[in-house]
Structure formats: structure tokens, C-alpha cells
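Chemist: Please see the structure below; I have some questions.
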Amino acid sequence: MSEATVDATVDSSRRTWLITSCAMGGVGAAAVAVPFVSTFQPSERAKAAGAAVEVDISAVQPGEKIVVEWRGKPVWIMKRTAEQLKSLEEDEAQLADPNSDRKAYPTPEYAKNRHRSIKPEVFVGVGICSHLGCSPIDKFAVGTQPSLPEDWKGGFLCPCHGSTFDLAGRVFKNKPAPDNLEVPPHYYVSDTVLLIGEDKKA
């Protein structure tokens, strides 16, 4: 075998090795880069904490409530029955701020009505008491119950200090909570889909 043939064989082997090494290095770099680049994307938790949340409410039945998270807060979405809507009028004389005029949690203009909502039957509210940040519990049953008045028509009770709210999140008089429950910005994308965290002006 001539010296030229031996050199050609060595060069060919070296070339194959170099090409294979470069290709494997490229694959390795891509494998490292993809997770690294993906860390620049916001996590699902971060999206839920700050971004608007889309909610399909088509399966929610009258008298039922669901809870979603927006900006780390529990947001209640409740479909009220005809009887529950009627109770909103009957409660007004007992409420501290029936027209949502107080400014601690400004109520959006489209919710400055008796039912505090865009659609009368659907209440959207932040489930955090305006007193010290506890989460009120559901007290939808009517009538006498512990910590509630005898003529209770349904609503929410804060278990921490006893503030009570009607089914539109309006606080009753002489309670520790200084304001009604917050109504977050929201609008209907369709008849059955809500976007919480933005309103149409945004």
C-alpha cells in the first residue's frame, strides 16, 4: 500500500469522525437550548396570576357556583335562580351600600346595578372579604341558621369576623367589612364564555 493511499484512508476516517462529532454536538446544543429558551416563556401559574382567564359557564346550572383563579384570587361565578334574584330587591334596606357607591373596591359601571352583573342571573365576584381578606362561605339556604338573621334570604358569610353579603356580594349594615365584594373586570366573549381580567374598554 502506497503512502498516498494510507494518508487518504486516515483523512477519510478523520473527516467522518469530525462530521459525526459536529452533528452530535449540534444535536446536543439543540437539546440544551430548547429547555433553556422555553424558560423565557411564562409558566401556567404565571399566566393564571396575571393574564385574563377565559371560562366556559355553559355547564353551570341555576343555583350553582364555580370558582376560578385570577391573579391569585378566587373568582366566583354563580348562576342565580329567579327566587335568588328576587331576594336582591328585598334585602336592599338592610345593606350598607346597595348601589355600590363606596370606592374601596370601585365597581365597574356595567355592574352598578341591583344584581351587580352584566347578565342579571350571572354574578361574577372576587371571593375575598373586604375586611381582612378571609374568604366568605356559601350560605345559600334561606331561613334561620347559626350566625345569620332569622329572615336570611341566602348569600355569603365570612367565617372570620361575621360579615354577611347578599347574593350580589353586597355587605349588610353594621358588619366589619367596609365594602361590597369586588367585581373584577370581565365581559362575555360569547353567550356562554366569560373573559375575566379584562373588559371591552381594555
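Chemist: At q = 0.21, 0.22 Å⁻¹, what base-10 log of I(q)/I(0) does the Debye formula yield for region 89-202 when every alpha carbon is treated as an equal point scatterer in vacuo?
Modeler: -1.16, -1.25
Chemist: Determine ³J(HN,Hα), in whole Hz, for all residues of region 129-135 in sequence, where each value follows from phi through the Karplus function 6.51 cos²θ - 1.76 cosθ + 1.60 and θ = phi - 60°; x replaces Gly and Pro.
Modeler: Along region 129-135, the couplings run 4, 6, 7, 10, x, 6, 9 Hz.
Chemist: Ok, one more. Residue 173 versus residue 81, label points 7 Å from Cα toward the beta carbon: distance in nm?
Modeler: The two pseudo-label positions are separated by 2.9 nm.
Chemist: Tell me which lysines have Cα within less than 19 Å of residue 175's Cα, excluding those fewer than 8 residues away on the same chain?
Modeler: 103, 139, 153
Chemist: Another one. Beyond 19 Å, what share of the Cα-Cα pairs of region 53-150 is found? Please give it as a whole percent. Walk me through the numbers on the way to the answer.
Modeler: Details: 2343 of 4753 pairs.
Everything past 19 Å amounts to 49 percent.
None of the figures in this text is laboratory data; all of them are computed from the coordinates on show. Everything numeric here is computed off the predicted structure, so don't read it as measured data. Positions of Cβ are generated from backbone atoms using ideal geometry, with glycine treated the same way; all protein chains shown enter the neighbour counts.
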